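> Can you read through this structure? Questions will come right after.
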Amino acid sequence: MIKRGFFCNKRAVINEAYHILIQIFIAISAFWIMQSFIDSVVEDTLFEKEYLSNDLALITEAIYSSPGDIYYEYDNPKANLYTFNFNFREQSVSIKEAGAEKPIAISVAYGEDKNINNELKELIRPQKIFFKKTQTKIIADQHPIDTTKYSDFLCSKINTKKEMSTINIVLYDYQSTSETKAVIQTILKKIQKLLQEKSAKVEILELKDIASKSNDYDMIIGLKIKNQNSNVLSIDYPISHDDFSLRSNNKLSCLLANQIRRLLYPDSLPKVRAIDNIPVDNKYNINLLITLNGKGNEIFNKINSDNNIEILSEKISNSIIKFYQE
Amino acid sequence: MKKKALHTMEIIFWIPRIIFLIIVMFALMFLLRHFIFTTVDISEVRATTFIHRSLYSPNGLSYLDEATGRIYTGIIDLEKFKDSTTLENSIFYGEKNTEVAAKFELVDEETNKLHILYYNQDKYEDWKKFHKLGYTKGPGGFRSYTKKFNVLIATPTQKRNRASLMIEVIIPNS
């Protein structure tokens, strides 16, 4: 008697069917194994961590190597920064998956500058990484660090100390329009008042009158509001072969730039320049022209709003006082 | 042939088929893995960054005008160059630095004087030996990058002497 069961059927075609079923089963198993392997390759984050850690270590090194201040926003849409946690510790950048049960961290070393304070810290799921480096510190954060992108200029340490009572200052209004004249005159008068309180002698003159007056002025400062296609502060002084004069003008320009831009130009770098066509003759120790450039009436309206005329006048006079105190 | 023998033969024929299937699967996995890179070689970039940092950073070897805070790239401050702690403090990888080692040779072309500065001197000497022996590839090897610059030397007497600066940086592969 023939037993019934698999492969024992009388009809050969049913045996064939069993064979085909087994073949299908083997094919599906092979497909499932290959698919699992490919899925594991896709989910693997080793390359992203390796790439990001190397990239950030190099960026940190490059930021340390900059001669001046730097503000840098790091973003990498392809690497999905928000899926990782970043840690800057002990001269290395380490990266691990955020929220994983057993995260595997990849670390790459960078050289720290011991002369600068290190405020690099742990970042949890950042969208972007913001770096800022100044003369005294380096910071990394996942939020924008400062509303003012640029920190203050480091001004010359040249000695310009003098008693305020011995100083003769002239202020002038340069090429103001009928619109801006009143504002400029108000600012100049307030500056005059603040400096006279410190015993300095201050006159407000027309440009054409300056040359005809005595040469004994220590400082000539012009002020102008100008329509331009961008908001930028310009401070110009004459090119001089006298090194002390050049450095003194540069120092006062730097002090003024640091003060004025925080009020009116927080997002742009000022232009401080030595030029050869300054409106007043180049025979005075300090000879500056401050131009407040604005897109349309933007800066003019900003000066006119709130208490900004007072504040601007104070900032300019404080810069002049500080110039003669150091 | 009897039915049972036929079935047995079929099963026996399946064995090599399954073996070949396994071989093909492994071959595919191997090929896929072969084209996946998980490491990135950035040793040359690191060497270049190190050189630029030593020259252009405010706390590096270049002359810094204290009055204006400006770095004069291309002018080497001899006092900083002679101080071995200048770079050790400015580029600090930790107490045991196994990342970078370098040698700076500054030749004053006017006085023909040679000044040498080492960064991570112990490691530089060890790694240089291995590099000379030909251990340059793979883990345990070392790569050397050299750059030469024409510079000026800022001396304490305010004189500027023409000089050449050769920098050799050695970086381990792993």
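Read-outs: derived from the displayed coordinates by stated rules, not from any lab. Since the structure is predicted, the reported quantities are computational estimates derived from the model, not experimental observations. We place every Cβ from the backbone using ideal geometry, glycine too, and count neighbours over all the protein chains shown.
> For peptide B:20-32, what's the mean number of Cβ atoms from other chains within 10 Å of each residue's Cβ?
Numbers: counts 0, 4, 2, 0, 1, 4, 0, 0, 4, 5, 0, 0, 4.
Across the residues of B:20-32, the mean count of other-chain Cβ atoms within 10 Å is 2.
> Still on this structure, please answer the following. Show me the three semi-axes of the equivalent ellipsoid for the protein assembly as shown, from the C-alpha gyration tensor (sqrt of 5 times each eigenvalue), largest first, rounded to whole Å. List each step's numbers first, then the result.
Details: eigenvalues 1007, 221, 52 Å².
One finds semi-axes of 71, 33, 16 Å for the protein assembly as shown.
> Between A:Ile145 and A:Lys226, 0.36 nm times their residue separation minus their Cα-Cα distance comes to what?
On the way: separation 81, 0.36 × 81 = 29.16 nm, distance 3.12 nm.
Additional length available on full extension: 26.0 nm.
> Continuing with the same structure: List the residue ranges in chain A for DSSP H helices whose C-alpha atoms run 30 angstrom or more along the long axis and whose Kyte-Doolittle average is -0.5 or above. Mind dumping the intermediate values first?
Numbers: long enough: A:12-43 (46 Å, 1.28); A:243-264 (31 Å, -0.13).
Helices meeting the criterion: A:12-43, A:243-264.
> When a/c reaches 1.5 or more, the comparison of a/b and b/c decides; with that in mind, is the stretch B:103-174 rounded, prolate or oblate per its Cα gyration tensor?
Numbers: a/c = 3.42, a/b = 2.93, b/c = 1.17.
Prolate shape, in that a/c is at least 1.5 and a/b is the bigger ratio.
> How large is the Kirkwood hydrodynamic radius of the stretch A:55-95, in angstrom, based on all distinct alpha carbon pairs?
Kirkwood hydrodynamic radius for the stretch A:55-95: 11.7 Å.
> If you take the Cα atoms of the stretch A:180-234, find Rg, then find the Kirkwood Rh from the mean of 1/r over all pairs, what is Rg/Rh? If you can, show how the numbers build up before the last one.
Details: Rg = 13.4 Å, Rh = 13.2 Å.
Using Cα coordinates only, the ratio equals 1.02.
> While we're here: Can you give me the distance in nm between label points at B:Thr38 and B:Phe26, each placed 7 Å from the Cα along the Cα-to-Cβ direction?
Calculated label separation equals 2.0 nm.
> Suppose R0 equals 56 Å; then what is the FRET efficiency for A:Asp39 and B:Lys147 from their Cβ-Cβ distance, rounded to the nearest 0.05? If you can, show how the numbers build up before the last one.
On the way: r = 46 Å, r/R0 = 0.82.
Efficiency, rounded to the nearest 0.05: 0.75.
> With viscosity set to 1.306 mPa s and temperature to 10 °C, compute the Stokes-Einstein D of the stretch B:38-95, Rh being the Kirkwood radius across alpha carbon pairs; µm²/s, no decimals.
Details: Rh = 12.5 Å.
The Stokes-Einstein estimate is 127 µm²/s.
> If you place +1 on the Cβ of every Lys and Arg and -1 on the Cβ of every Asp and Glu, how big does the dipole about the Cα centre of the protein assembly as shown come out, in debye to the nearest 20? Walk me through the numbers before you get to the answer.
Details: 65 positive and 60 negative charges, 388 e Å.
Its charge dipole is roughly 1860 debye.
> Further question: Kindly provide the helix-only [θ] at 222 nm of the protein assembly as shown, computed as the sum of -39,500 (n - 2.57) over DSSP H runs of four or more divided by all residues, to the nearest 500 deg cm²/dmol?
Numbers: 12 runs with 188 residues, N = 500.
Only helices count here, giving -12500 deg cm²/dmol.
> Between 0 and 90 degrees, rounded to the nearest ten: what's the tilt of helix B:3-34 against the longest Cα principal axis of chain B?
So the helix axis and the longest Cα principal axis differ by about 10 degrees.
> What is the sum of charges, Lys and Arg at +1 and Asp and Glu at -1, for the other residues whose Cβ falls under 10 Å from the Cβ of A:Ile191? Don't skip to the answer; put the middle values down first.
Working: positive: A:Lys189, A:Lys190, A:Lys193, A:Lys315; negative: A:Glu314.
So the environment of A:Ile191 carries a net charge of +3.
> log₁₀ I(q)/I(0) of the stretch A:157-277 at q = 0.16, 0.21 Å⁻¹, via Debye over equal Cα point scatterers, no solvent, to two decimals?
Each listed q maps to, in turn, -0.93, -1.61.
> Would you kindly calculate the translational diffusion coefficient of the stretch A:280-321, applying Stokes-Einstein with the Kirkwood radius from alpha carbon pairs, for 20 °C and a viscosity of 1.002 mPa s, and quote it in µm² s⁻¹ without decimals?
Values: Rh = 12.3 Å.
For these conditions, the coefficient is 174 µm²/s.
> Grab the other residues whose beta carbon is less than 14 angstrom from that of B:Glu105, score K and R as +1, D and E as -1, and report the net. Intermediate values should be presented prior to the final figure.
Numbers: positive: B:Lys82, B:Lys103, B:Lys113, B:Lys128, B:Lys147, B:Lys148; negative: B:Asp108, B:Glu109, B:Glu168.
Net of charged neighbours comes to +3.
> Sticking with this one: Taking a 24 Å limit on the Cα-Cα distance, which of the listed pairs A:Lys132/B:Lys148; A:Lys137/A:Lys224; A:Lys224/A:Lys322; A:Lys162/A:Lys315; A:Lys114/B:Lys82; A:Lys133/A:Lys315 fall beyond it?
Details: A:Lys132/B:Lys148 31 Å; A:Lys137/A:Lys224 36 Å; A:Lys224/A:Lys322 22 Å; A:Lys162/A:Lys315 19 Å; A:Lys114/B:Lys82 19 Å; A:Lys133/A:Lys315 26 Å.
Pairs exceeding 24 Å: A:Lys132/B:Lys148; A:Lys137/A:Lys224; A:Lys133/A:Lys315.
> To continue, here is another question. Do any chymotrypsin sites (Phe, Trp or Tyr not before Pro) in the stretch B:27-117 lie in a DSSP loop with no more than 14 other beta carbon atoms within 10 Å, and if so, which?
Details: sites: B:Phe30, B:Phe35, B:Phe37, B:Phe50, B:Tyr56, B:Tyr63, B:Tyr72, B:Phe81, B:Phe92, B:Tyr93, B:Phe104; in loops: B:Phe35, B:Phe37, B:Tyr93.
Answer in residue order: B:Phe35, B:Phe37.
> Along Cα→Cβ, 7 Å out, is where each label goes; now give me the distance between the ones at A:Ser240 and A:Asp209 in nm to one decimal.
Those two pseudo-labels are separated by 2.5 nm.
> Right, another one. Please compute the net charge surrounding A:Asn118, taking Lys and Arg as +1 and Asp and Glu as -1 over other residues with Cβ under 15 Å from its Cβ.
So the environment of A:Asn118 carries a net charge of -1.
> On to the next question. In the calculated pair distance distribution of the stretch A:125-204, what percentage of Cα-Cα distances lie above 18 Å?
Numbers: 2097 of 3160 pairs.
The proportion of pairs with Cα distances above 18 Å equals 66 percent.
> Rounded, prolate or oblate, given the Cα gyration tensor of the stretch B:1-117, with a/c below 1.5 counting as rounded? Walk me through the numbers on the way to the answer.
Numbers: a/c = 5.83, a/b = 5.16, b/c = 1.13.
It comes out prolate by the Cα gyration axes.
> A further question follows. Using alpha carbons only, how many angstrom separate the centre of the stretch A:124-202 from the centre of the stretch A:203-224?
22 Å
> Here's a follow-up. Note down the nm distance, to one decimal, between modelled labels 7 Å out along Cα→Cβ at B:Thr73 and at A:Glu197.
4.6 nm
> Are there any GluC sites (Glu not before Pro) in the stretch A:165-239 that are in a DSSP loop and have at most 15 other Cβ atoms within 10 Å? List them by number.
On the way: sites: A:Glu179, A:Glu197, A:Glu203, A:Glu206; in loops: A:Glu179, A:Glu206.
Filter output for the stretch A:165-239: A:Glu179, A:Glu206.
> Give the average, rounded to an integer, of partner chain Cβ atoms located within 10 angstrom of each Cβ in A:44-56. Show your work: numbers first, answer last.
Working: counts 2, 0, 3, 5, 1, 1, 4, 5, 0, 1, 6, 2, 0.
If you average over the peptide's residues, the count of other-chain Cβ atoms is 2.
> Can you tell me the orientation of helix B:121-132 relative to chain B, as the angle in degrees between its alpha-carbon axis and the longest Cα principal axis, to the nearest 10?
50 degrees
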